Each structure stands twice: as C-alpha cells, then as structure tokens.
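The values are calculated or read from the model by the stated rules, or taken from the named source; none is laboratory data. Keep in mind the model is a prediction, meaning the values are calculated, not measured. When we count neighbours, we look across all protein chains shown, and the Cβ atoms used for this are built from the backbone with ideal geometry, even at glycine.
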Amino acid sequence: MSDDIREIERETERARARLDISLESLQQRLTVSGLADEALGAVRRSEYGQLFDDTVQAVRRNPLPLVLAGAAVGLFLIQLGEERTSSSRAVHRGRRPKRGVDPNPSPVDRMPEEPHLNGLNPAASHHQYTS
C-alpha cells in the first residue's frame, strides 16, 4: 500500500512538472514579443513570406522612406488630435450653438432684418392695435 502511495506521489510530481513547463510556454507565447514572433512566423510560412522577407531587406537597406512615412502619419495624427481638442474646448467654453439654432445658417438667415416703422415689428404692431 505504501508503494502505491509513493507511486501516486511521484506521478503527481511529474504531472506538476509537465504543467509548469506548459504554463511557462504559454506565458512566453502570450508576451508581446512571443505574439509578434508567432505572427511573423505565420506570415513567413504563408504565400506572402517571400514578399515579406524582401520588404524587410529593403527597409533594412534604406530605412529613410519608412521613417518619413512614419513621421507623416505621426504629424497627421497630432494635427487630428489638436483639431478634436480645440473643438472640444470650444464646446466646454460655451460656444456650442443653442438647441434649436442652426449652427450653419443659410445666407438668407444671415441677412440683417429690415428696419420697421419706429423699430417695431409689423406683427407686433398689428397685435397691439387689434386688442
């Protein structure tokens, strides 16, 4: 009976060791570098592997176009962020149009009102004299 218990304990230890190895392998694969390695390996094994390798070699020989393209994208994103920030600041400063007011009025809406007799609105004048 004690031999059976010892055998069970040894088997348990071997199972724990295999589990530790499996967990370490999973942890390595789930790191950023592990995921990147797997993605690159998958691309290299695909039908586009040769194209990928050629592109990497071209970039290594002449990295300036990639750097300039990255800088252009970065500047675009910075400008986009500034536009969003400035528009959100305008909203927070109370520059948001009032509800029911057209923020982009037509040219007719922007025309100044015509002066009325004695500065009174004809509709208001009519209302005054009919009551």
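Tabulated values for the structure
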{"item": "Pair list, Cβ < 8 Å and 6+ apart or interchain, from the range 1-26 residues that are more than 30 Å from Asp37 (Cα to Cα) and touching a residue at least 40 places away in the same chain (Cβ under 8 Å) to residues that are surrounded by 10 or more Cβ atoms within 10 Å (Cβ to Cβ) and among the polar types (S, T, N, Q)", "result": "none"}
{"item": "Hits in the range 46-56 (condition: closer than 21 Å to Arg29 by Cβ and in a helix (DSSP H, G or I))", "result": "Gly49, Phe52"}
{"item": "From the options Val43, Val73, Val59, Val67, residue that is touching a Phe, Trp or Tyr at 6+ places or on another chain (Cβ under 9 Å), surrounded by 10 or more Cβ atoms within 10 Å (Cβ to Cβ), part of a helix (DSSP H, G or I) and modelled with pLDDT of 85 or more", "result": "Val43"}
{"item": "Those residues of the range 36-64 which are among the hydroxyl-bearing types (Ser, Thr, Tyr) and touching a helix residue (DSSP H, G or I) at 6+ places or on another chain (Cβ under 7 Å), in sequence order", "result": "none"}
